Amino acid sequence: MPHITQTFSVDRPIQTVWDFFQDVPAVATCMPGVEGLDSVGENAYKGRMSIKLGPINAKFDGQAKIENLDETRHSGAITAKAADRQGGSRASAQVTYSLTPEGAVTKVDIVADITLQGAMAQFGRTGLIQEVSSQLTKEFASCIEQKLAAPSIEEAAGIQASEVRGLQVFWQGFRGWLKNLFRRKRNS
Amino acid sequence: MPAKIGDSLRRVEDVNLIRGEAIYAADVRVPGQLSAYIVRSPVPHGTIVDVDLEDARSMPGVVAAWRAADVIGDLGYMPIIQPRVSFEEAVVPYLQPVIAHDRVRYAGEPVALIVATDRYAAEDAGDAVFVDVDPLDAVISCAHAAEGDALFAEGNEITVLHAGFGPPVFDDAPIIIQTELSTTRHSGVPMETRGLVVEFDGATDSLVVHGSTKVPHSNRDQLAIHLGLSPARIRMKETAVGGGFGVRGEFYPEDFLIAWAALRLRQSVGWIEDRREHFLATNQSREQFHRAAIAGDEEGRILGLRSEFWADMGAYVRTHGIRVPDLTLSMLPGPYDIGAYEGIGHCVVTNKTPTATYRAPGRFESCFVRERLIDMYAARIGMDRFEVRRRNLIRPHQMPFTRELQSTGEPVVYNEGNYPKLLEDVVGRLGTQEVDRRRAAGERVGVGIAMFLEKSGLGPWESGAVTIAPQGSVIVRSGCSSVGQGLRTVLSQIAADVFDIELCDVRVEMLDTNYTTYGTGSYASRSTATAGSAVHMAAQEVLEQARNFAATELEVEPQDLVVRSGGLEVTGAPDLRLSFGEIATKLDPVTATKRGVLPGLRAEQFFHVKKLTYPYGCHAAVVRIDEETGEPRVERLILGYDVGRAINPMLVEGQLHGGALQGLGGALLERFVYDAEGNPLVTSFMDYLMPTCAEAPEMETVVTEDAPTTTNPLGVKGVGEGGLTGVAAAVASAIDHAIGAPGTVRSLPVDISLLAGASR
């Protein structure tokens, strides 16, 4: 089960970031590959996320539920479940996130336990999923920063995650993984 | 030059293969042939909610899309793949249905079948099938399978096998060593994947199955039962085979599904496995975890062996899967005169691809366990590893040697053999001085040794038929199939030897159950010993028919005739002769009826196996460990093996070389990895490492004919598996020696990370 921790900082005060995080459809536009997000009840959403990973082109249709929202500690949890009808891959995720102020900057910590089954799972082992998620997070963070910095609401709405091309993600992920591998070797 | 038994002749199969003219299963084309694709479960364990075929059915080119309910709807029952070997009642609940109905138990289990006008259409439609599964926790560890979520109501432990003899020695023996040893899941990976074309013959309302191999007769009978047909309406035809290794040719789910589709559509259907499917669907093997022990005295006398082991059967018990733990149990004591033995084999199910035999089943695993224990024992008492073996081998004067054990339902009797001589032959070839010199110079290099028994000639019987065509060529058929081992050459040579003719004058027909009504099959190193014997017997019978006829024709006594150059001639009067072709021509129906014999020259014989034979082997390895990376580099492999009698020494060597390279794969490279959720992580050659010529060491064979068997008329013992059996054990032994740390290698494939930092 890939266990992923990601941390990034947004150059905005914590309340601004927290408020923005409550607007799930807006946040979703910053997640590469996410489309057609619809609300299906309180704090529940359904949508689709496309991921290209090497030879695999998966379109995950699924549902996500936001739970344990804690205004005072600025934290929350997301439970998500999705399946790629075509390739037969399945994913489920338990995500917790928390926001911490660091001066005028807000640190965002994400911890995710992802269970993958099917073709996509074959990549979990090599740490590629880890690296790919890191690429996606970087894109996500930069998109959020741009959105929050936008002078008007209209402009903010226009800012979306730039398309992260599958092969590029794959390649960057692969490079990161390879670098790590050699770092480990040298240290041992 | 007439071909003789014992000549190293080139394989008759090869010209066709090298020219690219061989017809493999996927090359077969029959009129109106459709293409099938199997949709497989992406999830290792779960309850099937729905298999949605709607989208697939409407796609272009799709002729049919079916799931389990359609099979049941058509037949009124779900066919369950039956064992083809003797089995305990306990395995029955664990047998595999031909298609998953309400539950999936491994990633790759068939859940739907698409038939379309071509493979592209079928595969695209397969992608449109959504398999909705409620996942369940997967059971992965074979040692802890019993504690995991139950795959079956009967529990995850199928049965526990027991074997043993001798008094309890593990309480008070001077030396007792206990350890854990394991072999990892890998398997036979033939270049050609599985495949078959089932031709529907409307004129006779029957099926012709092209591409069957290994056990066509048994598969025909099983298919007939599942389809509710008479076996006479099913014809199995052999094609060229790109490797068998025990995994290809058994009755798999697809062997039913494709035939059922053809019968139901009244149209021919073909299917070929792709490599990813092969890694998910074809039998895997070898996964065992042993808690093992050896007991001995201070003088190098082994007093007892013990192992409690867990054998991972995968998600179901397939046709003969249970053979692997059974053979592990009976072959573990090996060629040693050991006073006491206790074996306990737990057969468990896990959410992984089902398993069955792969070349040297149960011997590869048990040899690794036994030989590792002996090395550890030698190190403990400070005795040379070779010397410990010398002191414990069964000696020639003890033959026949009876073990108080059963194997495949038969008592274990080693009929003949000179084990100590083979050990000395191999040690002589090995010559340790060179390695000693290099070691003294600081090089991390070592020698390893392993001794083992094989088994060959499994019964119950085999058929062989010989016909001499009127023009003179000899036609041979047998119930064994050619799985790439050179069977056609061997049978040609056996027949040619009887008639004193050239190899090219013999034609071994491809197996076709319409001509060879009875047959057992090609597995367990049995083809030469059994089919070879049957062909030899049939050829002898034909020779007698010819002799009787020729004696009358030439007005001499039958015993005055000798075989020479494809004919019979009168001793001392070579002009007075009749060729076998002339005799066959003369024996036309009119003449034959006048003489009161059958027309032509032909005979079919059955060789009945009364006793198994136990060939024996000794493998040695020289391995160097790379100083920086720890990579073990196998420099030499010495393959000692007693075949009793070699029909074709070159083929014997070829079998040993091929087997040894697979053994090397199992020792150092090959393994199927599953993650904690039961996902197969190895589904392509990117991840499944096989030895190539770059990894192939120098291989030297020491083939002896010291102990011809009396269990068959040729004196031959099978050689199909003996190149593989001891390789991993010998390599492990050499690695321990190279790094100067006995007992380091306890699992296969060898974990190189153990060796990187290890110093001598």
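The values are calculated or read from the model by the stated rules, or taken from the named source; none is laboratory data. Just so you know, these numbers come straight off a predicted model, no measurement behind them. Here Cβ is always computed from backbone atoms with ideal geometry, including for glycine, and neighbour counts include all displayed protein chains. The accessibility values were calculated without ligands, DNA or RNA, using every heavy atom of the protein model including side chains. Shrake-Rupley method; radii C 1.70, N 1.55, O 1.52, S 1.80 Å.
Computed extension gain for B:Phe170 through B:Gln398, at 0.36 nm per residue and net of the alpha carbon distance, reaches 79.5 nm. When the residues B:Arg671, B:Arg370, B:Arg119 are ordered by accessible surface, computed with a 1.4 Å probe over the protein chains alone, the sequence from largest down reads B:Arg671, B:Arg119, B:Arg370.
Take each residue in B:669-681, count the other chain C-beta atoms within 10 Å of its C-beta, and the mean is 3. In the context of the full set of protein chains, residues of the protein assembly as shown present 39 Å² of accessible surface per residue (probe radius 1.4 Å, heavy atoms only). About its Cα centre, the dipole of the protein assembly as shown is roughly 1200 debye, where the only charges are +1 on Lys and Arg Cβ and -1 on Asp and Glu Cβ.
Of all lysines in the structure, the ones whose alpha carbon falls short of 30 Å from that of A:Lys46, not counting any fewer than 8 places away in one chain, are A:Lys59, A:Lys65, A:Lys81, A:Lys107, A:Lys138, A:Lys147.
Panel values: chain B, Kirkwood radius from alpha carbon pairs, Stokes-Einstein at 20 °C and 1.002 mPa s, translational diffusion coefficient 78 µm²/s. In the complete set of protein chains, residue-level accessible area for A:Thr79 is approximately 40 Å², probe 1.4 angstrom. Computed with a 1.4 angstrom probe on protein heavy atoms, the B-A interface buries about 1500 square angstrom of accessible area in total. A quarter of the convex hull surface defined by the alpha-carbon atoms of the protein assembly as shown gives 46.5 nm² as the mean projection. Note on B:Val92 and B:Val160: with the Förster distance fixed at 22 Å, the Cβ-Cβ geometry gives a FRET efficiency of about 0.85. Legend: residues B:Tyr515, B:Tyr414, B:Tyr37, sorted from most to least accessible area (1.4 Å probe; ligands, DNA and RNA excluded), read B:Tyr515, B:Tyr37, B:Tyr414.
Helical content of chain B, expressed as a calculated mean residue ellipticity at 222 nm, amounts to -8000 deg cm²/dmol (DSSP H runs of 4 or more residues, -39,500 (n - 2.57) each, divided by residue number, nearest 500).
A Förster distance of 30 Å, applied to the separation of the beta-carbon atoms of B:Ile344 and B:Gln82, puts the FRET efficiency at 0.65. The Kirkwood radius of the range B:458-608, taken over pairs of alpha-carbon atoms, gives through the Stokes-Einstein law at 4 °C and 1.567 mPa s a diffusion coefficient of 83 µm² s⁻¹. Of the options B:Leu265, B:Gly572, B:Gln559, report the single residue whose Cα projects farthest towards the positive end of the charge dipole of chain B (beta-carbon charges: Lys, Arg +1; Asp, Glu -1). The listed residue farthest towards the positive side: B:Gly572.
Placing a label point 7 Å from the Cα of B:Arg276 along the Cα-to-Cβ direction, the residues of the range B:110-140 with a backbone N closer than 17 Å are B:110-114, B:119-131. In the assembled protein chains, B:His101 presents an accessible area of approximately 90 Å² (probe radius 1.4 Å). Under 29 Å of direct C-alpha separation, and excluding same-chain neighbours fewer than eight residues apart, B:Lys717 reaches these lysines: B:Lys4, B:Lys214, B:Lys237, B:Lys421, B:Lys455, B:Lys610, B:Lys611. Seen from A:Arg12, the other residues with C-beta closer than 12 Å to its C-beta sum to a net charge of -2, counting Lys and Arg as +1 and Asp and Glu as -1. Our estimate of slack between A:Gln94 and A:Ser152, defined as 0.36 nm per intervening residue step minus the Cα-Cα distance, is 17.5 nm. Remark on B:Ala112: its backbone amide H falls under 5 Å from those of B:Val39, a criterion applied only to residues 5 or more positions apart or on other chains, H modelled at 1.01 Å from N.
Qualifying trypsin sites (Lys or Arg not before Pro) in the range B:8-92, where qualification requires a DSSP coil assignment and no more than 16 other C-beta atoms within 10 Å, comprise B:Arg10, B:Arg19, B:Arg29. With R₀ set to 25 Å, the beta-carbon distance separating A:Val105 from A:Gln160 gives a calculated FRET efficiency near 0.60. For chymotrypsin sites (Phe, Trp or Tyr not before Pro), the sites in the range B:51-90 that DSSP calls loop and that have at most 13 other Cβ atoms within 10 Å are B:Tyr77. All distinct Cα pairs of the range B:365-452 go into the 1/r average, and the inverse of that average, the Kirkwood radius, is 15.2 Å.
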